[in-house]
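J.: Below: one structure in C-alpha cells.
Only the coordinates and a few stated rules stand behind these numbers; no lab work does. Source: prediction; values computed, not measured. Neighbour counts are summed over all protein chains in view; Cβ atoms, including those assigned to glycine, are modelled from backbone coordinates with ideal geometry.
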C-alpha cells in the first residue's frame, strides 16, 4: 500500500475512496511471493475504514462515523500475522458555507429581459422613476454573491478519548465546493438560484437558505440563510485593471510543512501586449 493516509471525501459526494493493498511474504532465501489471494483480513473499526472481501483494497464509502489518527487493519496468512497502519481523515460536520453577501438587493437602472415562463417577479416598482417602469417584459437585476463550501478534515486520537487532530492544523480549511457541487441547493428557487454552482443570484424578495445535502441520506450537511430585499443599490464605480506577465511560485507553507503555498505575481509594465487579462471590478 503506497498511501498510508485516506481522505474520506465519500461523505461529501458518495463516491467510494479505495486504496489498493498487496500482501507478500519473504522467504528465508529472499524470495518474495504475492499471497494477496490467500490472506484473511479485518478492520478493527469499520466505522472508520473498511477492507474488501478479497483483501485487495482498503476503502471508505461515506457511511463511516469518524476518522482516526492511528487505524489498524489485521492481515493473516496461515500462522503469519501482520498489521497495516493507516490514518483516516473525515470532514467535520456541519460544513461551513461562505457567502460573500447574504443580503441581495436590486440594482437600480440595470434591467434584464424576462420571458413569460420565468419565475422572476415583474411587479411594478413603487419608485416614481419613469425609466424603471418601462416595459412589462423587463425587471431589475438583483445582486449576486460568491458561494464557497469549506470544512476541516479531522481524525480522532487513538490514545486520548475525545482528542481531535486537524489535518494541516486548526487554522486551515479545505475548499470542497467542487466536491459537493451536485448537492448544493437553494431551498426556495423562487427567491434565489445558483449559477454554475458558485454564484448565488437573487430572483425575488424573501428569505431562503443554501443547503448542502447528503448524497447518502436525507440529512443536511450545511445550511446558510440568505435574504433578497426590495432595497435598491446603485453602481457607483466601474474600474479597469490590466494584468500581464503572470508568474507562479510554489513553496512549502510556513504554517505547515505538509502544505504548499502558491504565490502569483504580475508585472506593472506590459511586456507582451498580445497577452493581457482584463479585470473589471465594480462597486455597488
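J.: Could you work out how far apart the two model spin labels at residue 181 and residue 237 are, taking each label as a point 7 Å from the Cα in the direction of the beta carbon, and quote it in nm?
T.: That separation, rounded to one decimal, is 3.3 nm.
J.: To continue, here is another question. Using the beta-carbon distance between residue 161 and residue 196 and R0 = 51 Å, what value does 1/(1 + (r/R0)^6) give for FRET efficiency, to the nearest 0.05?
T.: It comes out at approximately 0.70.
J.: Hey, got the Cα dimensions of region 5-91 along the principal axes, in Å, largest first?
T.: Sorted largest first, the three principal extents are 47, 21, 18 Å.
J.: Normalising by the residue count of region 5-91, find the relative contact order in percent from Cα pairs under 8 Å and 6+ residues apart.
T.: So the answer I get is 33 percent.
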